[in-house]
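> Quick one: the structure is below, questions incoming.
The values are calculated or read from the model by the stated rules, or taken from the named source; none is laboratory data. It should be emphasised that the depicted structure is a prediction, and the values quoted were computed from it without experimental measurement. Here Cβ is always computed from backbone atoms with ideal geometry, including for glycine, and neighbour counts include all displayed protein chains.
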């Protein structure tokens, strides 16, 4: 499989006379795919009962005749004003009880029945009209679920749907009271109608109440996406895609992905560094023109799993964005580097956002492959270079890595509900493990928490996993490699209680968490063998074996050599040391990387990436600034 390049295009933004030139220029630049239509509802249906699809018919023909494969989208991420006027209570409501009003996008509540019907209706109309169009080779459903904090809605529609969800799950109010342990603080209910949403309470809501609301909210996203997928399957055989985002964890992407054929995500390295990274200011300054060297790769690997091996970058940053606190210009060559790293991680398509920078509205300061005047921007020159370089390859195939990392959305929700410390983040914990692995030159696979088979792997890591599923327990019991767990792994039941016998409830680990503490930002606990625990620390007793100890005498790592449990949030020094030892025990070669250099192995090639504006060297490999290098295996 040779990856292809594409771009996002908005024919409704430009004079029709411009379309032919744009399509020709895209093809001449090396692009093969074009995504359209995700925000076009008001032009397709300006009023209820009045439809205007002729312009889109012509646009698809122009693009297809030029040789471009079209990704058509359902336009439900931006319902027009008349839909809101028809259903004024369709707006989602934030946790403070304020409606998220019309005038932007994603202003709908997943639980609103009227909007659900409208979205299904417009999806069916678009599917019937274009489902068999020969130029349309893939479909995108909606756009960026959860972006702008739009998964959780505290609306009346959401509350009504949540009550039905709870009734379906618990059947009787007595059962709910027992599972939720509502005897605490006299929170017992007499019937399901009394239950409200877990916001605006005097202090913390019951943690299982909050967790169930997050589960419900995720299920609403799954239901919404499934409804569109079901309609599309009746009218097209083309693959269905959704474009996820970076560090959006408030719905279960695995479950959404089960109804789709391909996962994609929108990769904005510089925007995410400024807007979503928790790294310190020195780190952000150092990588301000490249982005965090591991953040994009983490999501590439995650969405490869969500897509069951098939994934794209639907939107790749081509220049400065407009939405982060600071929006620097990418380093020379950075767009090429990002593109190649996505390709090395298995992207079938890298599509750039957008073809031409818009001279109006909210995104007018967001760069495109072309400037607003139609001249080429630096990103277009680099995209064309990537297209030329792809011709050197006959195939780029993925291969199962030796190391795997479990990522679980429900654990994200659980530790958001009950972090026990201001700085504790499940995403951050897992990401620290990923960074340490990558710094040793390792390629990493991501696993869902219900993984049934670990064969082919030599090391599996599952930090912070709230609850070890039955499937994963069985897989671990027959696994001959190393399983690294902790902290907080197996520390809660599915009902958000401390398990009988006390945690950790992890296969192959014997010990008891006697107490836990969260540490202040500048506090740490030293590990005798090197490194520190920060943020989180557990005191374990009755351990079957203490592998490492802290300077204060408490266990640091317990279990067996092939089933170690880390009792705290280890820093990078400790993680790298421990992971290096695990790799040596499993005969996995490692290479210590500079913080700006990363590597990814495919079936036939090893790719090197230099996230720096100066030359970097690893052994005999010399990487120029923004360098990408590949070698045969």
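> Considering region 59-90 alone, what residues qualify as being out of contact with any helix residue (DSSP H, G or I) (no Cβ under 7 Å at 6 or more places or on another chain) and over 12 Å from residue 34 (Cα atoms)?
61, 65, 77, 81, 82, 85, 86, 88
> Still on this model: Identify, by number, the condition in (1) surrounded by 23 or more Cβ atoms within 10 Å (Cβ to Cβ); (2) free of Cβ contacts under 8 Å to residues at least 60 places away in the same chain that residue 81 doesn't meet.
All conditions are met except number (1).
> Let me ask another. Which of the residues spanning region 375-413 are touching a helix residue (DSSP H, G or I) at 6+ places or on another chain (Cβ under 9 Å), part of a loop (DSSP other than H, G, I, E, B) and either free of Cβ contacts under 8 Å to residues at least 40 places away in the same chain or buried (at least 20 other Cβ atoms within 10 Å of the Cβ) (or both)?
Hits for region 375-413 are 396, 401, 402, 407, 408.
> Which count do you get for residues in region 130-148 that are surrounded by fewer than 17 Cβ atoms within 10 Å (Cβ to Cβ) and closer than 22 Å to residue 80 by Cβ?
Of the residues in that region, 1 qualify.
> Let me ask you something else. Can you tell me which residue is surrounded by the most Cβ atoms within 10 Å (Cβ to Cβ) among those in region 23-58 that are part of a helix (DSSP H, G or I) and in contact with a helix residue (DSSP H, G or I) (Cβ under 6 Å, 6 or more places away or on another chain)? Give the derivation first.
Start the filter on region 23-58 by keeping residues that are part of a helix (DSSP H, G or I), which leaves 23-28, 41-44, 54-58.
Okay, now just the ones that are also in contact with a helix residue (DSSP H, G or I) (Cβ under 6 Å, 6 or more places away or on another chain), so 23, 43.
Values: 23: 24, 43: 17.
Looking at residues that are part of a helix (DSSP H, G or I) and in contact with a helix residue (DSSP H, G or I) (Cβ under 6 Å, 6 or more places away or on another chain), I get 23.
> Let me ask you something else. Checking the structure you have, find out if any residue of region 9-17 is buried (at least 17 other Cβ atoms within 10 Å of the Cβ), on the phi < 0 side of the Ramachandran plot, outside any loop (DSSP other than H, G, I, E, B) and touching a strand residue (DSSP E or B) at 6+ places or on another chain (Cβ under 7 Å).
The answer is yes, given that some residue of region 9-17 is buried (at least 17 other Cβ atoms within 10 Å of the Cβ), on the phi < 0 side of the Ramachandran plot, outside any loop (DSSP other than H, G, I, E, B) and touching a strand residue (DSSP E or B) at 6+ places or on another chain (Cβ under 7 Å).
> Same structure again: Name every residue in region 525-566 that is surrounded by fewer than 19 Cβ atoms within 10 Å (Cβ to Cβ) and within 21 Å of residue 415 (Cα to Cα), in order of residue number.
If the condition is that a residue be surrounded by fewer than 19 Cβ atoms within 10 Å (Cβ to Cβ) and within 21 Å of residue 415 (Cα to Cα), then 539 is the only one that fits.
> Checking the condition over 24 Å from residue 266 (Cα atoms) and touching a residue at least 12 places away in the same chain (Cβ under 8 Å), which residue from 146, 131 passes?
On the way: 146 fails: over 24 Å from residue 266 (Cα atoms).
Answer to the selection: 131.
> I need a count of the residues in region 442-483 that are within 21 Å of residue 304 (Cα to Cα) and in a loop (DSSP other than H, G, I, E, B).
15
> Among the listed residues 416, 477, identify the single one that is surrounded by fewer than 20 Cβ atoms within 10 Å (Cβ to Cβ), under 25 Å from residue 499 (Cβ atoms) and either under 17 Å from the mean Cα position of the chain (by Cα) or modelled with pLDDT under 95 (or both). Full working, then the answer.
Numbers: 477 fails: either under 17 Å from the mean Cα position of the chain (by Cα) or modelled with pLDDT under 95 (or both).
Only one candidate qualifies: 416.
> Just to be sure I understand the filter: pairs with C-beta atoms under 7 Å, separated by 6 or more residues or on different chains, first member in region 196-213 and under 13 Å from residue 153 (Cα atoms), second member at pLDDT below 95 and in a loop (DSSP other than H, G, I, E, B). Which pairs pass?
Final answer for the pair search is none.
> So, one more: Answer yes or no as to whether residue 456 is touching a residue at least 24 places away in the same chain (Cβ under 8 Å) and at positive phi. Working first, answer last.
Values: touching a residue at least 24 places away in the same chain (Cβ under 8 Å): yes; at positive phi: yes.
Spelling it out, residue 456 is indeed touching a residue at least 24 places away in the same chain (Cβ under 8 Å) and at positive phi.
> For region 194-302, please list each of the helices (runs of 4 or more DSSP H) lying entirely inside it that holds at least 1 residues being crowded, with 24+ Cβ neighbours inside 10 Å.
Values: elements: 207-233, 253-257, 269-275, 281-286.
In region 194-302, the matching helices (runs of 4 or more DSSP H) lie at 207-233, 253-257, 269-275.
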